[in-house]
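What follows is a single structure, written as structure tokens, with notes after it.
The values are calculated or read from the model by the stated rules, or taken from the named source; none is laboratory data. Quick caveat, the model's predicted, so the values are computed rather than measured. No Cβ is skipped: glycine too gets one built from the backbone with ideal geometry, and neighbour counts run over all protein chains shown. To get the accessible areas, we keep the full protein, side chains included, count just its heavy atoms, and leave off ligands, DNA and RNA. Shrake-Rupley method; radii C 1.70, N 1.55, O 1.52, S 1.80 Å.
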Amino acid sequence: MSDAIVVGSGPNGLACAVALAREGVRVTVLEAEETIGGGTRTSELTVPGLLHDHCSATHPMAVGSPFLNSLGLEKHGFEWRWPEVDLAHPLDDGSAGVMVRSIAETVDGLGEDGASWRRLFGASSAHFKALNEDMLRPIAHLPKHPIRLARFGIPAAAPATLLARRWETPQARALFGGVAAHAFSPLNRPMSSSVGCALIAACHAYGWAVAKGGSRSITDALAAVLTEHGGTIETGRRIRSLAELTDADIVAFDLAPRAVAEIAGERLPAHVARAYRRYRHGPGAFKVDLAVEGGVPWTNEACRRAGTVHVIGSFEELVAAERDINRGRMPERPFLLVGQQYLADPERSKGDLHPVWAYAHVPNGYGGDATEAVLRQIERFAPGLRQRLVATSVRTPADLAADNANYVGGDIITGANTPVQVLFRPRFALDPYSTGIAGVYICSAATPPGAGVHGMNGYNAAQSALRYLGGDLGHSASP
């Protein structure tokens, strides 16, 4: 039996471990922190009894993940929950762009822009399962559905500012722009539409679901599957040198590229070491968790029913804010993602006291206090919020990086979505998971297909490792 060590227990590390263990590899996961899960952890951050996700909270790509769906996570108590409204983007006039799983209902709500929304996202959402088979692979692969991938990829490659011209109303433009901004990229940059197009298609295919009991439920279910297949997990084990892992046939790192370069040291080929050390990180996040009596008093009614609310105002204001953070400037009115997961999963609340999850896009390594800017932005669309606040918990970019070393400078998606890094991450290579050291791999969100709780980075890295071991690639769980 071959032995493997996976360093890091984020969703990709656990996915890699599970994929290897299911093929008969003896796997040990080593986690530096005392709790597993990386970005999929959940804690009582404000008031006892209120559950707040540490980072990843809403999972549009996970529901349709071929790998996660092959695991039977429901056998381990896992369950998806959906809000009534997936996403709302309020504007200053009291209106909002609104997206729900039904593309027909979304189109109806967008009025004169509805037909254009359907033309752009109708086919990709209707055939998202097939499209996903290619999108969740490295760029260098033979597409299973080349025509569908090309039809999706042409608009996705455009700058978001260009694609947004398809819509006339401020509601539709803001709705699209807010989803595109999940990439933390300047919206006039090529490829800046790609994340938005994928997440919108995923919404209309599967909805923007949350995990019952918090994102830690994903972690717990993956850990249970790993244990079921003989794997083990050790916490409080920080690895500083590859020399500590010499007994393993396979080593996989769920770490940022620079961390891999530090641990591998001189064993890493020089060209790989240069690429890992030059790997670019993007803007950071400033997280504010709130305990709110009665929930956020949004002016717009759809926002009160939305699992996610994008808070910035107009598309033009969003473009300016994302440009600023990518230039290292803190905008006066930053873009916020506000999560109201309790609407789909009421057990996260305590009576009429509800956990509200929020973060602002800020420059990488931002050292200021954005708490007031966050509260002002929410109150702009929800007057009276402060009167309902019971408790607040703040995590700066430095706090996020201390809690999860992959979040360099508060970069919670583990890498800037530049055009080059969208296509080729973490370096130019036919096998982006290989480090150039025999049997050693990288499987973090810095690898294809990028950030998101879908486990495909880990699964893809495991397939590369299995090829090295001469493993069976025809396993029935193969996506």
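Does Ala88 satisfy the condition of being open to solvent by 10 Å² or more (accessible area, probe 1.4 Å) and among the aliphatic types (A, V, I, L, M)?
Spelling it out, it is not the case that Ala88 is open to solvent by 10 Å² or more (accessible area, probe 1.4 Å) and among the aliphatic types (A, V, I, L, M).
Gly177: out of contact with any strand residue (DSSP E or B) (no Cβ under 7 Å at 6 or more places or on another chain) and open to solvent by less than 10 Å² (accessible area, probe 1.4 Å), yes or no?
Considered against the rule, which asks whether it is out of contact with any strand residue (DSSP E or B) (no Cβ under 7 Å at 6 or more places or on another chain) and open to solvent by less than 10 Å² (accessible area, probe 1.4 Å), Gly177 comes out as yes.
Taking the criterion of being open to solvent by less than 10 Å² (accessible area, probe 1.4 Å) and of a type in the set (Ser, Thr, Tyr), would at least one residue in the range 43-64 satisfy it?
No; the residues of the range 43-64 include none that is open to solvent by less than 10 Å² (accessible area, probe 1.4 Å) and of a type in the set (Ser, Thr, Tyr).
Residues checked against (1) open to solvent by 10 Å² or more (accessible area, probe 1.4 Å); (2) in contact (Cβ under 8 Å) with a residue 40 or more places away in the chain; (3) part of a helix (DSSP H, G or I):
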residue: Val288; (1), (2), (3): no, yes, no
residue: Val292; (1), (2), (3): no, yes, no
residue: Gly295; (1), (2), (3): no, yes, no
residue: Trp298; (1), (2), (3): no, yes, no
residue: His310; (1), (2), (3): no, yes, no
residue: Gly313; (1), (2), (3): no, yes, no
residue: Val319; (1), (2), (3): yes, yes, yes
residue: Ile325; (1), (2), (3): no, yes, yes
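Looking at Glu228, Glu234, which is the one that is acidic (Asp, Glu) and either open to solvent by less than 20 Å² (accessible area, probe 1.4 Å) or touching a strand residue (DSSP E or B) at 6+ places or on another chain (Cβ under 9 Å) (or both)?
Exactly one residue qualifies, and that residue is Glu234.
When both residues are 6+ apart or on different chains and their Cβ atoms are under 7 Å apart, which pairs have a first residue that lies in the range 446-469 and is hydrophobic (A, V, I, L, M, F, W, C), and a second that is assigned to a helix (DSSP H, G or I) and open to solvent by 10 Å² or more (accessible area, probe 1.4 Å)?
Val453/Pro11
Please enumerate the residues belonging to the range 346-367 that are part of a loop (DSSP other than H, G, I, E, B) and either among the basic types (Lys, Arg) or crowded, with 24+ Cβ neighbours inside 10 Å (or both).
Tyr366
What number of residues within the range 333-345 satisfy the criterion of being part of a loop (DSSP other than H, G, I, E, B) and out of contact with any helix residue (DSSP H, G or I) (no Cβ under 7 Å at 6 or more places or on another chain)?
Final tally of qualifying residues: 3.
Residues in the range 408-431 that are open to solvent by 20 Å² or more (accessible area, probe 1.4 Å), within 13 Å of the chain's Cα centre (by Cα) and closer than 16 Å to Gly10 by Cβ: how many?
2
When you go through (1) assigned to a helix (DSSP H, G or I); (2) surrounded by fewer than 21 Cβ atoms within 10 Å (Cβ to Cβ) one by one for Ala198, which number turns out not to apply?
Only one criterion is unmet by Ala198, namely (2).
Within the set of pairs 6+ apart or on separate chains, which have a first residue in the range 403-432 that is closer than 23 Å to Pro269 by Cα, a second that is of a type outside the set (Gly, Ala, Ser) and open to solvent by 40 Å² or more (accessible area, probe 1.4 Å), and C-beta atoms under 6 Å apart?
Final answer for the pair search is Leu423/Ile139.
What do you reckon, is Tyr359 at pLDDT 95 or above, under 25 Å from Val98 (Cα atoms) and of a type in the set (Ser, Thr, Tyr)?
For Tyr359, the condition - at pLDDT 95 or above, under 25 Å from Val98 (Cα atoms) and of a type in the set (Ser, Thr, Tyr) - is met.
When you scan the range 73-136 for helices (runs of 4 or more DSSP H) that lie fully inside it, which ones turn up with 2 or more residues that are farther than 24 Å from Arg148 by Cβ?
Ranges flagged: 103-109.
Output the number of the condition that Arg280 fails; it satisfies all remaining conditions of (1) farther than 18 Å from Gly38 by Cα; (2) within 20 Å of the chain's Cα centre (by Cα); (3) open to solvent by less than 40 Å² (accessible area, probe 1.4 Å).
Only one criterion is unmet by Arg280, namely (3).
Can you name every residue in the range 241-263 that is in a helix (DSSP H, G or I) and either at positive phi or surrounded by fewer than 24 Cβ atoms within 10 Å (Cβ to Cβ) (or both)?
Within the range 241-263, Leu242, Ala243, Glu244, Leu245, Arg258, Ala259, Ala261, Glu262, Ile263 qualify.
Is there a residue being of a type in the set (Ser, Thr, Tyr) and assigned to a helix (DSSP H, G or I) anywhere in the range 166-188?
Looking for residues that are of a type in the set (Ser, Thr, Tyr) and assigned to a helix (DSSP H, G or I), one finds none in the range 166-188, hence no.
Just one of (1) surrounded by fewer than 22 Cβ atoms within 10 Å (Cβ to Cβ); (2) assigned to a loop (DSSP other than H, G, I, E, B); (3) among the hydrophobic types (A, V, I, L, M, F, W, C) trips up Ala275, so point out which.
Only one criterion is unmet by Ala275, namely (2).
When the residues of the range 432-469 are narrowed to those that are over 19 Å from the mean Cα position of the chain (by Cα) and open to solvent by 20 Å² or more (accessible area, probe 1.4 Å), which ends up nearest to Ser215 (Cα to Cα)?
By that ranking, first place goes to Gln463.
With (1) modelled with pLDDT of 90 or more; (2) surrounded by 19 or more Cβ atoms within 10 Å (Cβ to Cβ) as the list, and Asn132 as the residue in question, which single condition is left unmet?
Tallying (1) modelled with pLDDT of 90 or more; (2) surrounded by 19 or more Cβ atoms within 10 Å (Cβ to Cβ), Asn132 fails exactly one: (1).
Please go through the range 135-164 and give me each residue that is over 21 Å from Ile103 (Cβ atoms) and not aliphatic (A, V, I, L, M), ordered by number.
Of everything in the range 135-164, those that are over 21 Å from Ile103 (Cβ atoms) and not aliphatic (A, V, I, L, M) turn out to be Arg137, Pro138, His141, Pro143, Lys144, Pro146, Pro159, Thr161.
For the list (1) out of contact with any strand residue (DSSP E or B) (no Cβ under 8 Å at 6 or more places or on another chain); (2) open to solvent by less than 30 Å² (accessible area, probe 1.4 Å); (3) not charged (D, E, K, R), I need the number of the one condition that Gly8 fails.
Answer for Gly8: the failing condition is (1).
Go through the range 21-35 residue by residue and tally those that are touching a strand residue (DSSP E or B) at 6+ places or on another chain (Cβ under 6 Å) and either open to solvent by less than 40 Å² (accessible area, probe 1.4 Å) or closer than 11 Å to Val7 by Cα (or both).
7
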